[in-house]
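Below you'll find the structure I mean.
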Amino acid sequence: NYLKDAGSSLGSWLVSDGLRIVLILFMSWGVTRIARRVIPRVLASVMLGQASTADHDEVMKRSETLSSVFVGAVVSLIYVSALFMVLTELGVPIGPVLGGFGIAGIAVGFGAQTLIRDIFSGAFYLIDDAFRKGEYIDIGSAKGVVEKISIRSMQLRHHRGALTTVPFGEIQKVENFSRDWAVMKLAFRVTYDTDVDKMR
């Protein structure tokens, strides 16, 4: 009788709460898929509507850079919301969990000053349009093509192939070689009897 009651309880739970949990996870997955597709398109259309036709390529590069950050933030929010909804379905009281997160947040906050600095620095660099994905930049400690931008860091691919991950908070300056034009001086070693005019 005990096994029958347990099996009956488990079956009813799977039909009601279990089905809702699966539905929540499925909808969260679907919404994240939609967000990854819709946000870049909406952002590009809004930015293109405010720019001239001549700036089309520049606007598309900037929208691609900003959309990666927006998508990451929205997807994180969706996952956190889904987690709380699943906990609610499992019967876990959300109030104490949120209170625990608040206490943990205060404790972690003292040791997360670097993380906060990275996030805010990155936001201001993106607002200032200091760099975009696909541009070659030099930040002093590293240089290369901007391949990926996240909430707190970016990845630079050096022209020799090395990939460097740089937190935004460690960037003191950005030298961008991909905007408008740049002059580069090259040193050529030649023999003393070389015709300088011909070489030039």
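Read-outs: derived from the displayed coordinates by stated rules, not from any lab. Quick caveat: nothing in here was measured; it's all calculated off a predicted structure. Positions of Cβ are generated from backbone atoms using ideal geometry, with glycine treated the same way; all protein chains shown enter the neighbour counts.
Order these peptides, 26-33, 133-140, by their mean beta-carbon neighbour count within 10 angstrom, highest first.
Ranked from most to least packed, the peptides come out as 133-140, 26-33.
Another question, if that's okay. With labels modelled as points extended 7 Å from the Cα through the Cβ direction, what inter-label distance (nm, one decimal) is found for residue 179 paired with residue 37?
For residue 179 paired with residue 37, the spin-label model returns 3.6 nm.
Right, next: Taking a cut-off of 15 Å between Cα atoms, list the aspartates and glutamates near residue 143, but don't count ones fewer than 8 places away on the same chain.
Here the aspartates and glutamates satisfying the reach criterion relative to residue 143 are 135, 170, 175.
Tell me the net charge near residue 42. Cut-off is 14 Å between Cβ atoms, residue 42 excluded, with +1 for each Lys or Arg and -1 for each Asp or Glu.
+2
Right, something else. Tell me, in nm to one decimal, what length is gained between residue 29 and residue 165 on full extension, where the rule is 0.36 nm per residue of separation less the Cα-Cα distance?
46.1 nm
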